[in-house]
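Here is the structure we will look at.
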Amino acid sequence: MNNFQFLVNRYSHLCIAFISLIGFSQLKAAAPEVLTVPATRVTYFEANLNARVNPKGLSTTISFEIGTTTSYGTTVSISGTSSGSVILFKTKVLNDLTPGKIYHYRVKAVNKDGTTYGSDRVFTTGNSFTKSPANGHTVVVGDNGLVYAFGYNG
């Protein structure tokens with residue numbers, strides 16, 4: 001028997017007593033893991049905020065912080081809580097954004113073992129419209145090619 005084996009055998013009861021005293025779940029911190037993913041479907045007034053979250057087996061509340069600076073200012077929640085230990089892809093659709101603005105956002109996940117923030121990401125809403133009258137109709141097309149209005153002027 002070498003010295004290491006002797007120490008393990010001699011003091012193993014202390015390790016078991018310590019684990020019993022503090023509880024096994026206290027030994028492994030399980031704050032959620034997060035990754036802020038680029039926004040998608042960004043238009044003049046809307047954007048989809050995206051994130052990957054691993055709740056680490058605990059009930060976790062997920063939200064996004066958003067604003068026109070890295071101070072954010074607004075928190076938007078994703079309904080319900082998530083749990084399990086697989087990576088989840090989460091999306092929150094934002095409406096009523098201001099055209100031509102730069103927005104900062106990041107994901108935030110909270111469980112009983114901690115709060116984790118994702119890195120800052122940026123997107124810019126569209127800012128130019130083109131009105132094209134054609135045969136008594138007006139078509140409003142954004143710089144992203146989407147048609148936002150169509151009307152008859154007759």
(message) Show me the strands (runs of 3 or more DSSP E) found entirely inside region 58-154 where at least 3 residues are within 23 Å of residue 45 (Cα to Cα), under 16 Å from the mean Cα position of the chain (by Cα) and modelled with pLDDT of 90 or more.
(response) 60-67, 74-82, 88-94, 102-111, 121-124
(request) Among the residues of region 33-46, write down those that are crowded, with 19+ Cβ neighbours inside 10 Å and either modelled with pLDDT of 95 or more or polar (S, T, N, Q) (or both). (result) 34, 36, 39
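The values are calculated or read from the model by the stated rules, or taken from the named source; none is laboratory data. A quick note: this is a predicted structure, and the numbers were derived from the prediction, not measured. When we count neighbours, we look across all protein chains shown, and the Cβ atoms used for this are built from the backbone with ideal geometry, even at glycine.
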